[in-house]
Amino acid sequence: MRYPAVSFLRQNNMVFIRSLIILFLSCITVKLNLCFSSIPYSLKTLNLEGHFNFDEVHLAARDFGNRYQFLPSAVLHPKSVPDIATTIKHIWEMGPHSELTVAARGHGHSLQGQAQSHRGVVINMESLQGPKMQVNTGNSPYVDVSGGELWINILRESLKYGLAPKSWTDYLHLTVGGTLSNAGISGQAFRHGPQISNVHQLEVVTGKGEIISCSKKQNSELFHSVLGGLGQFGVITRAKISLEPAPEKVKWIRVLYDDFAIFSRDQLQMISTENAFDYIEGFVIVNRTGLLNNWRSSFNPQDPVQASQFKSDGKTLFCLELAKYFNPDNNERANQEVGNSLSVLSYIPSTLFLSEVSYIQFLDRVHVSEVKLRSKGLWEVPHPWLNLLIPRSKIHNFAEEVFGNILTDTSNGPILIYPVNRSKWDNRTSVVIPEEEIFYLVAFLSSAVPTSTGTDGLEHILTQNKRILEYCETARLGVKQYLPHYTTQEEWRTHFGPQWEVFAQRKSTYDPLAILAPGQRIFQKAIPFS
């Protein structure tokens, strides 16, 4: 008769214990929900000229690379620099126990989620208003511009005064803050250095929410930290950028080589020759036939008969791309200088193609391709790009292995290759480059077909990139990544090498809680990084 009573007590105990567990779990869930819901609430209390958006945040979780998507909790649309400073200072004051981080997003051209902030705040830099762009036409002309301004708009405005920035990227629909946080490099870099070598002054909001003006003479440590600093030390909200007299026209030239040694020798000769060309790049053409028939329609062969007889036969070819700036009143002199420069080159004679375009047409040339690709739905696809900086002494080894063995299929996008002079780069900035006086940019600018499992598919291109990087490492080429991407701090330490300690010290000075640019995956908030 006692057993049923015992059984009844046990059942009651089990029910009681179950109730406690459910109540405990419910409390945790409520606490977590309160925690997360309090994040947007605290931001809502800030006194701003602009506003936060807590609902339409999906755009801020996408970028040009189209491979990573991390949803933020909020997107800030600032109207003023104090909006940015107030937001960052608020998160700074929340201390290390808050998970909130901040990423500045320009035109969204990052490749691997660098401008994203998972469950954090993304600043839409293109919303930033304030003083309008100002062009100073004095003895040392410059443009004073917002960090969220596009370079194409700077070009259009400065051309009204007969001026233009000295150094560019190949694509102009990028923001000032975005390119200055990396380096900003194109075919003018051999002469003028990257864009970060042509900046007079910056306004920066640090990871503590401080608004600081800096230059080579004023707050110089912050100035050099931010340039090429991958967004780790502050948000660039304004910049004064050096200008020079702008030409009206450009003689745009392309010639082909079938021997890499001769091609690279001619490139090196051109970057060291005075009054030769104003822009020097090059690209690799792998396994293509009927090449010249597919050449840009704006180019005309110097000798149409010889050009029509040229056969590429699927060989790997190397194109030297050159530009000479001029004004119509000195056209004859420009023709003579171009002729003199070309006369010392050893390209395939039948492949000399020329075009004359306006200065803005030349600089904005990639946008023409963008418009075409967008119309075909081929712009917003994965872009598994790989950008490398390779010492001159190793470029032949690299070319032999990569262009001769690893890349055997037609590349699904341009492969750029051109040399630059290290003397034009400031070694006080945060950017990491090879030690040699001359090094090459080699950029594999692939586009992946989303549904493909073939050679134009994402997995194939990623595997190819991995093979290239593994070769560089095993062959000890001393290669550095441009627009670098790593997933562990140890890999970042290797990337920075001897510069790591300085980089980490700068981080502890200007963003000690690691609030800024979490998408770079260099530092993690609330975890020591010394």
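The values are calculated or read from the model by the stated rules, or taken from the named source; none is laboratory data. On a predicted model such as this, the values are computed, not experimentally measured, just so you know. Note that we place each Cβ from the backbone using ideal geometry, even for glycine, and neighbour counts take in every protein chain shown. These accessible areas exclude ligands, DNA and RNA; they are computed on the full protein's heavy atoms, side chains included. Shrake-Rupley method; radii C 1.70, N 1.55, O 1.52, S 1.80 Å.
Some observations on this one:
- Ranked by solvent-accessible area (1.4 Å probe, protein heavy atoms only, all chains present), the residues M125, M133 order from largest to smallest as M133, M125.
- Accessible-area ranking of S140, S447, largest first, probe 1.4 Å: S140, S447
- When a 1.4 Å probe is rolled over the protein heavy atoms, the share of accessible surface on the chain that falls to carbon and sulfur comes to 51 percent.
- Amide H partners (placed H, <5 Å) of L243, local residues excluded: Y142, V143
- Each residue of region 277-287 was assigned a 3J(HN,Hα) from its phi angle through the Karplus curve 6.51 cos²θ - 1.76 cosθ + 1.60 (θ = phi - 60°); the sequence is 10, 9, 9, 9, 9, x, 8, 9, 10, 9, 6 Hz, with glycine and proline shown as x.
- Residue-averaged 222 nm ellipticity for the chain, from DSSP H runs of 4+ at -39500 (n - 2.57), nearest 500: -10000 deg cm²/dmol
- Rounded, prolate or oblate (a/c below 1.5 giving rounded, otherwise prolate when a/b exceeds b/c) for region 134-245 by Cα gyration tensor: prolate
- Probe 1.4 Å, accessible area per residue of the chain, Å²: 47
- Förster radius 60 Å - calculated FRET efficiency between L59 and Q269 (Cβ-Cβ, nearest 0.05): 0.80
- Relative contact order computed over the chain (Cα-Cα under 8 Å; 6+ residues apart), in percent: 16
- Label-point separation, H51 to E470 (7 Å along Cα→Cβ), nm: 5.2
- Helix 81-94 axis versus longest C-alpha principal axis of the chain: approximately 40°, rounded to the nearest ten.
- Crossing angle, helix 260-271 versus the chain [Cα axis fit, 0-90 degrees, rounded to tens]: 90
- Amide H contacts under 5 Å for L483, placed H, 5+ residues apart: none
- Rounded to 10°, Cα long-axis angle of helix 3-44 versus longest principal axis of the chain: 40
- Values (1) 26.9, 119; (2) 23.7, 74; (3) 25.8, 89 are given for comparison; Rg and Dmax of the Cα atoms in Å, derived from the coordinates here, is the one labelled (1).
- 12 Å cut-off, amide nitrogen to a point 7 angstrom out along S140 Cα→Cβ, residues in region 231-252: 241-243
- Residues in region 224-235 carry Karplus couplings, in order, of 6, 5, 5, 5, x, x, 6, x, 7, 10, x, 9 Hz; the curve used is 6.51 cos²θ - 1.76 cosθ + 1.60 with θ = phi - 60°, and Gly or Pro positions show x.
- Annotation for region 56-91 versus region 413-485: alpha-carbon center distance of 28 Å.
- Our summary gives region 249-481 a relative contact order of 26 percent, counting only alpha carbon pairs under 8 angstrom and 6 or more residues apart.
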